[in-house]
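Colleague: Pasting a structure here, questions to come.
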Amino acid sequence: MSIETPQREELRERAVRRLKKKRDFHIHLTIYVMVNAFLLAIWAMTGAGFFWPIFPIVGWGIGVVANAWDAYGDDVPTEGQISKEMDRLSRRR
């Protein structure tokens, strides 16, 4: 049994959180595709007039993109970003 250092433990916790976010994103994306495929089928079976499925596709799509950004984007700020924010905060005083 190995003793985990605080740094290694923190890294493990971050890894677990990221893996959960990625899993949740894949579930969200699967549901998005299935529901919108169903809406497209309804649209096609009802005469394929005005393309009303565009509204849920685009609206919900914005949420899917935001979820992907959260799951796959950088989760740790760079030193440059931290310095810039510290400078901005120090000017407020």
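The values are calculated or read from the model by the stated rules, or taken from the named source; none is laboratory data. All figures in this text were calculated on a predicted structure; none of them were measured in a lab. Please note: Cβ atoms are built from the backbone with ideal geometry, for glycine as well, and neighbour counts cover all protein chains shown.
Colleague: Which count do you get for residues in region 27-55 that are surrounded by 12 or more Cβ atoms within 10 Å (Cβ to Cβ), free of Cβ contacts under 8 Å to residues at least 12 places away in the same chain and either in contact with a helix residue (DSSP H, G or I) (Cβ under 6 Å, 6 or more places away or on another chain) or under 24 Å from residue 71 (Cβ atoms) (or both)?
Modeller: 1
Colleague: Would you please name the residue that is modelled with the lowest pLDDT, looking only at residues in region 76-93 that are of a type in the set (A, V, I, L, M, F, W, C) and under 20 Å from residue 11 (Cβ atoms)?
Modeller: Going through the qualifying residues, I end up with 76.
Colleague: Residues to consider are 92, 88, 12, 18; find the one that is without any contact (Cβ under 8 Å) to a residue 60 or more places away in the chain, at negative phi and within 11 Å of the chain's Cα centre (by Cα).
Modeller: Answer to the selection: 18.
Colleague: Here's a check for you: in region 15-25, which residue that is of a type outside the set (Lys, Arg) and surrounded by 11 or more Cβ atoms within 10 Å (Cβ to Cβ) is farthest from residue 72 (Cα to Cα)? Walk me through it before giving the result.
Modeller: If we filter region 15-25 for residues that are of a type outside the set (Lys, Arg), which is where we start, we get 15-16, 19, 24-25.
Okay, now just the ones that are also surrounded by 11 or more Cβ atoms within 10 Å (Cβ to Cβ), so 19, 24-25.
Numbers: 19: 10, 24: 11, 25: 9 Å.
Per the criteria, the residue is 24.
Colleague: Which of the following residues is of a type in the set (Val, Ile, Thr) and at pLDDT below 90: 27, 31, 3, 54?
Modeller: None of the other options fit; the residue is 3.
Colleague: Residue by residue through region 67-84, note down the ones that are surrounded by 11 or more Cβ atoms within 10 Å (Cβ to Cβ) and in a helix (DSSP H, G or I).
Modeller: Restricting attention to region 67-84, the residues satisfying the condition of being surrounded by 11 or more Cβ atoms within 10 Å (Cβ to Cβ) are 67-72, 75, 77, 81-84.
Those that are surrounded by 11 or more Cβ atoms within 10 Å (Cβ to Cβ) and in a helix (DSSP H, G or I): 67, 68, 69, 70, 71, 72, 81, 82, 83, 84.
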